[in-house]
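Some notes on the structure that comes next.
Read-outs: derived from the displayed coordinates by stated rules, not from any lab. None of the values given here were measured: they were computed from a predicted structure. For neighbour counting, all protein chains shown are included, and Cβ atoms are generated from backbone atoms with ideal geometry for every residue, glycine included.
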Amino acid sequence: MVKTIQIPSGRRIGTGSLARMLILLWCLACRTHAANVTAAFDRLFIELGETVQFTVTADNAQRIDRIQFPELANLAGGQDLGTSQQTEVINGAVSSHISRRYRLQPAAAGDFTVPSFKLVVDGQEVTTPTVRCRVLPVEQHTNTVWLKIVTERDTYTLGETIPLELQLYSAYNIDSGSPPNLSLDGFIKGHDEKPSQSQTVIGGKNHIVLTFRMTATPTKGGDLQIGPASMDLAVVVPSQNRARGFDFFFGGGSAQKVTAEAPAKTLHILQPPMEGRPVDYAGAVGRFTAKATASRTNFTAGDAITVKIVVSGQGAFDTLPAPKLEEMPGITIYTGTNSFVPGDSLGMIGTKTYEQAVIVEDPAITELKFEPFSFFDPQTRRYEKVSLRPIKIKVNRPAVAGNAAGSTNGSNTLASEPTTAKGDGLRPLRVDYGDTVSLAAGLSDAPWFPALAAAPLLAYAILMYGLTLAKRQRLAPKTAPDPLLSRDSLLSKLAKAADSGDAPNYYNTLNQLLQVEIAPVAGVPPNSVNSAIVESKLIPMGLPSEEGNRLRKLFEGVDEARFGGIAKPDTLRAAMADVEPALNALRQLQWRN
Amino acid sequence: MKLSGIFWQILLATVLSIGGWLGSIASARADAFDDAARLYERGQALEAASMYEQIATTRGYSYALLYNMGNAYFRAGSPGMAIWAWREAEYLNPRHSDLQANLALAANRGNLPVAKGLADGTLRRIRLCESAWAAFTATLVWATLLSFGRTLPALYHKTTSLRWLAGIATLCFWALYGTKYWANLTGPNCIVVAHDTAVRFGPLEEAPVAFPAPEGSELRIVGSRNGWFQVTDSNAKPGWIDQKHVKRRLP
C-alpha cells in the first residue's frame, strides 16, 4: 500500500514520487555545468505577413533571470509567449531546459535577423548566437490548404548541395496524410529530415505548417525544375454551429480529403566557370578547410605512423577528392579510410576525416608534404585551393642488431644487421644450408598419433585386466563348480537346518559356506580356511574389525559344534543373523581387491 | 684368397664412388646457396628468391633455405611469398628470434594482424611434434609407474611422489598437445600472395567483395570450386578467393 500526502494544491502524490522529486531537486542543485544557450526560428523560410516563432533555450539551467531582447528594425509585430521549463531523466542523467518563446512578424521581405543579445541565466550572463530566417515575398493563396516548394535562391552552381523545403499550410487541423510526391528530374536527392510542425498566423488566422526539409544536387547545368509536388491528406473541417477557435484547439468537425499541390519551381544551374579552373579541380563545390596531423613526429625508420587529415566545411562532401600525401622515394603510403560526421541534420556542414598508414624508411626525410586540392566556392564564385601545411618529422636510424630487439619507442619495428641494412629492417641471412628436411606431415601430425600417444595408458589398463583375470583363474577350482556348493544353495540348506534344529547339518553347511566364500578372497585353497585366516589374511586386506569379529564368532560356533556339544535350535537361528552380513562384507572385500 | 682380394677392391671402389658423389652433391648445393646469398646482398633479391626456389626443387628444403627465401622475397617486394616461406621455416624452427623478428616486421609493414595471445603467440613457439612426443613420453612414464603396483609393489610405494608428478605432467602435456593440435586443425593454411586482392561473397570475379585481403594475410581453406578457394579469415568470416592469389602451406 502506498502512503499519500495531501498537499495544498489538492494534487495527491505518493511518497515514492516525493522521494524521486527530492532526488531530482538535489541532482539539479548539485549541477555545476554552465548553461548552454541556443536561439532558433521554428522555420527558415516564411512569407511576408506570416508570423515566425523565435525560441531562446538554455540547457542545464533553472531560471532565466533577465533577458535583454534587442530592438528589431523591421518588425511589424511581436508577442512574448512566455517561459517553459522541461526536465528529463535519461539513463539516470538529469537534464533541464528552460525556453523563452516569442512570436514575431517581419515587416519586409528579405533576411530577417535577430542579432546576438545578452541574458542572465542562473546568475550568469550569456550571449545568444545571431539567427536569421528568410522572408519571401507574399503570395496569394485562395485555398485553405496549400503546398509550396521553397529554396533560398533561384540560382545555384552545378554540383552544389541545395537545401530545399516543402511547406504544407493548412487552416484546419490535419487528421492524416501521405508523404509528399516531389519530382526531382535532373537532381540527385540527398538527405532528408523528419517533417516538423509549427504554427503561424496569416491574416489573423492560425495556420498549421508542416515542413519537409531535404537536399538535392543538380547533375547538369541550365534551367532545371524542382517539382511539381503534391500531397494527399485529410483535414478536419470545423462544424458550422461551433466556434471556430474551439474546434481548432479541441478538435471536432468532419474529416475531409484534400490534395495539396505545388507548381514546379525553376532553378538556374550555372556551370563552374572555365576561367581560373585549376587543373586538379574534380568538381567539389562548397567551402572547406583542412588540417593534417600525424600520430607521431619522432620515430624510427620503418615504423608505421598514421596521418590524419580533417576536412571541415559546408558543401558536397561526396564530390570532395581525398587529400593526398605527396609520394616520394623512401615513403610508403597505404590505402586509408575515411569517415564523415555531419554537423547538421541535412549533412550540409560537417567534418570528413581521412586516415592513412605511412611508413617512412629514409631518415633523410624531414617533412611529409601534401598535394593541394581545389573546390569552387558558390558564394564568392571563385575557385579556392587548399594547401595543407607540411608535417615536420624526425626519422631516427634503426638501432643495430644485438643492441635492441625493437626500436626505442616500443614499436614493432625491428633492428637490422649493418651488413644487410638497406632500410628494410630485415634480419641477416643464414650462412649454412643445414640439413635437408621434409615439410610433409610428420608422424605427430597424423590423426592417429593421439591414439599412439595414449597407448601406454591403454597397455597399462590391459595389463591390469590381464593380471586380474590371471588371478581369478588361479583361484578358480580346477573342476566345474558344484551347484550344490553355490552360495545360494548353501544358504538355503543352512536356513532349513536352522529351522529344523538340525545342528550337525547346520554347522557342517556353515563350515562349507565359509570355506567356499573365504577361499577366493584370501587366495587360499578352501580346505585350508579356518578362523586363523581372519587375522592373517582378511584383516590386512582391509576387512573391518567388526566384520572380522562376526566371522570369528561363526568359526567359533563351527568349532564348538565339532568339538563340544549340540546347540539348541534358538542358538542356530541367532547365529543365522550373522551369516548374511559376514558374507556381504567378504564380497565387498573381494571387489576392493 | 685371390677372389677375396678382388671383392675388397670392388667394395672400396664402390664406397669411394658413393662418398664422392654425395660430396659433390653437397658441394654443388652449398655453391648455389652461396650464389643466391651473393645475389641478395647485391640487391638482386628477385633473382636470389628464384635461385632459392630452384635449390628447393632440386635439393629439398632446409630451415636456412626457407628463411633466406623469405628474406629475398620480402626485399623483392613480395611480402606474401616472404611470409609463406617464413611460416614454413617457422614450422621447422619456431623459436628462432631472427625469424620471429622478420615475421613481426612483415606484419607491421603490411598492417597485418600480429600474432598475440596464447593460441597465436606462445603456441607458435612450440612444434606440434614436440608437444606430441612430450605427451607420449609423460604417458609412458606414468603408466610404467602405475604398473609397479602389480609388478613391483615395494617400488610402487617408494615412487608415490614421482607418480603424482608424472600424472600431472601427463595431463599438462596432453592439454598442450590438444590445444596445439586444435590450433593446427583450425588455423590458417594459405597465404595471400597477390597485391590488392579481395575475398568475395561467391566464386566469381563479379561477386561483391566480402572483405579485403591484403598481401600476406593468412586464411584457412575450407573448400574449393572452379579455381576458387572457399576461405575463412581469423574471425571465421567466410568468402571466396581466386586460387591464383593464394599459396597453400605445405602439409
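Brief remarks on what is shown
- In summary, the aspartates and glutamates within cross-link reach of A:K291, defined as a Cα separation below 17 angstrom excluding same-chain residues under 8 places away, comprise A:E326, A:E355, A:E367, A:E371, A:E384.
- Residues of region A:268-310 with amide N under 15 Å of the 7 Å Cα→Cβ point at A:D362: A:301-302
- The length gained on full extension between A:V437 and A:T468, counted as 0.36 nm times the residue separation minus their Cα-Cα distance, comes to 6.5 nm.
- Of the residues A:A301, A:V209, A:P195, the one whose Cα sits farthest toward the positive end of the charge dipole of region A:172-312, with +1 on the Cβ of Lys and Arg and -1 on the Cβ of Asp and Glu, is A:A301.
- Around the Cα centre of the protein assembly as shown, unit charges on the Cβ atoms of Lys, Arg, Asp and Glu (plus for the first two, minus for the last two) sum to a dipole of about 1940 debye.
- 25 °C / 0.890 mPa s Stokes-Einstein diffusion coefficient of region B:117-251, Kirkwood radius on C-alpha pairs, µm²/s: 138 µm²/s
- Taking amide H atoms as placed 1.01 Å from N in the peptide plane, the amide H of A:T351 lies under 5 Å from those of A:V341, A:G343, each 5 or more residues away in sequence or on another chain.
- Cα-Cα pairs of region A:222-378 separated by more than 23 Å (percent): 62 percent
- Theoretical FRET efficiency, 1/(1+(r/R0)^6), r = Cβ-Cβ of A:N530 and A:A461, R0 56 Å, to 0.05: 0.90
- The H on the amide N of A:T157, modeled in the peptide plane, is under 5 Å from the matching H of A:L270, each at least 5 residues off or on a different chain.
- Flagged links, alpha-carbon separation over 28 Å, of A:K148/A:K194; A:K118/A:K352; A:K220/A:K385; A:K553/B:K158; A:K471/B:K158; A:K220/A:K265: A:K118/A:K352; A:K553/B:K158
- The GNM of chain B, with springs linking C-alpha atoms under 10 angstrom apart, assigns the highest mean-square fluctuation among B:V199, B:V231, B:V141 to B:V141.
- Radius, Kirkwood style, for the protein assembly as shown when every pair of distinct Cα atoms is counted (Å): 38.9 Å
- FRET efficiency for the pair A:D232 and A:K205, taken as 1/(1 + (r/R0)^6) with r the Cβ-Cβ distance and R0 = 22 Å, rounds to 0.40.
- Charge-dipole axis of the protein assembly as shown as Lys and Arg at +1 and Asp and Glu at -1 on Cβ define it, positive-most pick from A:S500, A:P180, B:W228: A:S500
- Annotation note: chymotrypsin sites (Phe, Trp or Tyr not before Pro) in region B:185-251 located in DSSP loop regions with a Cβ neighbour count of at most 16 within 10 Å are B:F201.
- Computed over the protein assembly as shown, the per-residue total of -39500 (n - 2.57) for DSSP H runs of n ≥ 4 gives a 222 nm mean residue ellipticity of -11000 deg cm²/dmol, rounded to 500.
- Remark: mean inter-chain Cβ contacts per residue of B:53-63 equal 3, using a 10 Å Cβ-Cβ cutoff to other protein chain atoms.
- Selection among A:S387, A:A532, A:M328 by position relative to the dipole of the protein assembly as shown gives A:A532 as farthest towards the positive end (Cβ unit charges, Cα centre).
- Remark on B:Y61: its backbone amide H falls under 5 Å from those of A:V437, a criterion applied only to residues 5 or more positions apart or on other chains, H modelled at 1.01 Å from N.
- With a 10 Å cut-off around each Cβ of A:451-463, the average count of Cβ atoms from other chains is 5.
- Where GluC sites (Glu not before Pro) fall in DSSP loop in region A:136-177, at most 11 other Cβ within 10 Å: A:E139
- For B:K237, a cut-off of 16 angstrom between C-alpha atoms picks up these aspartates and glutamates, skipping any fewer than 8 places away in its own chain: B:E218.
- A simple spin-label model places pseudo-atoms 7 Å from Cα toward Cβ; at A:R573 and A:K194 they are separated by 9.5 nm.
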